Amino acid sequence: MSENTNQEQPDFAAMEEIYMALLEKINAITESGMRAAIAGLGLFPGARVLDAPCGIGNHAVWMAEAQADDRVLGLDIDSKQIAYARNLVAGTPLADRISFVHGDVTQLDLPDNSFDFVWCCDGLWLGPPERGCFVEEPYGVLSEFRRVLKPGGKIAILFWSMHRLLPGYPLLEAALNAPLGTNIPWTWESEPETHALRALAWLEQIGCSHLKSQSFCSDFQGPFSQKQEMNLLAAMNMIWGRVQDEVTPEVWQQYETLINPDSDIFILRQRGYAGYVVYTMYTESVG
Ligand SMILES: C[S@@+](CC[C@H](N)C(=O)[O-])C[C@H]1O[C@@H](n2cnc3c(N)ncnc32)[C@H](O)[C@@H]1O
């Protein structure tokens, strides 16, 4: 191929590094809510847990920390994330209770009836591949989860369901939240039943009962360390970084000024800054 063609190739290795760095930051700011969700899961001594997709492994670690004798298997299709996750636990006291494997949630290479819990966080955003989705409907993946669960086992599906990150600027935040770019993979044509926050119906469809939805909030308030500022700015960039063309120039300019650390009104150093991110967990209340 010509040099030109090579130059046009996206740098996938760099993109993976950026993605993992982003997951690290997002997991840092959502940790308190996520640990609360894990505490509500009903883990018990000796429980076998599948975390799929596990990304860089943070949730698997928190699930092992939450229950002294459980065993957690993290699975993800991205080998780099699996390598990162293995490195995270290597040499720690948790290493003999957590393992990570490369795998595809649509076709689990795992035995039937082998887990007490399946934890699936931000892993089932449904939609077309061109909107970054790996499945268009949930049932293929959920029936795989069901297959590997022991009778009475529990599936927990979690999604990022809300955020308030610009306190004092409700109209600006509403304007930034409206565009399609913020709501990926959602479009005006998407079927309501495929929206992540309708996951209870998916669980009902595969035969789960006693369904329960519960939300878990991660709060953060200033003053922040530089690292915390970077984490929160990364979250804002993840949510709103693509919407410049979908909002008015005034909205975009005000947003850019607020997130500029050199600006006098940098949002994260404003007096009384407090924000939050909410995750909602859909699961069975008994099991
Ligand atoms: C938003 S991340 C969530 C990771 C983790 N649950 C968390 O919340 O930190 C979505 C993950 O799905 C993984 N993934 C995408 N398609 C997959 C597939 N077919 N099988 C397994 N993992 C997949 C990606 O590699 C990515 O790590």
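Coordinate-derived values only; no laboratory data. In this text the structure is predicted, and so the values were computed from the model without any measurement. Glycine also receives a Cβ, built like all others from the backbone with ideal geometry; neighbour counts cover every protein chain displayed.
Miscellaneous remarks
- Cα-based equivalent ellipsoid, the chain: semi-axes from gyration tensor eigenvalues, Å: 32, 22, 21
- Residue-averaged 222 nm ellipticity for the chain, from DSSP H runs of 4+ at -39500 (n - 2.57), nearest 500: -11000 deg cm²/dmol
- Extending 7 Å from the Cα toward the beta-carbon at both Ser79 and Ser215 defines two label points whose distance is 4.1 nm.
- Net lengthening on full extension, Ala95/Lys227 (0.36 nm per residue, minus Cα-Cα): 44.8 nm
- Here the extension length gained between Glu204 and Thr106 equals 33.4 nm, from 0.36 nm per residue of separation less the Cα-Cα distance.
- Ranking of Asp78, Asp70, Asp245, Asp219 by neighbouring Cβ atoms within 10 Å, starting from the fewest: Asp245, Asp219, Asp78, Asp70.
- Cβ-defined net charge surrounding Asp116, 10 Å radius [Lys, Arg +1; Asp, Glu -1]: +3
- Neighbours of Gly152, meaning other residues whose beta-carbon lies under 13 angstrom from its beta-carbon, give a summed charge of +2 when Lys and Arg score +1 and Asp and Glu score -1.
- Rounded to the nearest 20, the size of the Cβ-charge dipole of the chain about its Cα centre is 1080 debye, with Lys and Arg at +1 and Asp and Glu at -1.
- Count, lysine Cα pairs under 22 Å in the range 11-284, 8 or more residues apart or across chains: 4
- Charge tally for Val61 (other residues, Cβ to Cβ under 15 Å; Lys, Arg +1; Asp, Glu -1): -3.
- Pairs of Cα atoms farther than 16 Å apart, the range 208-249, %: 62
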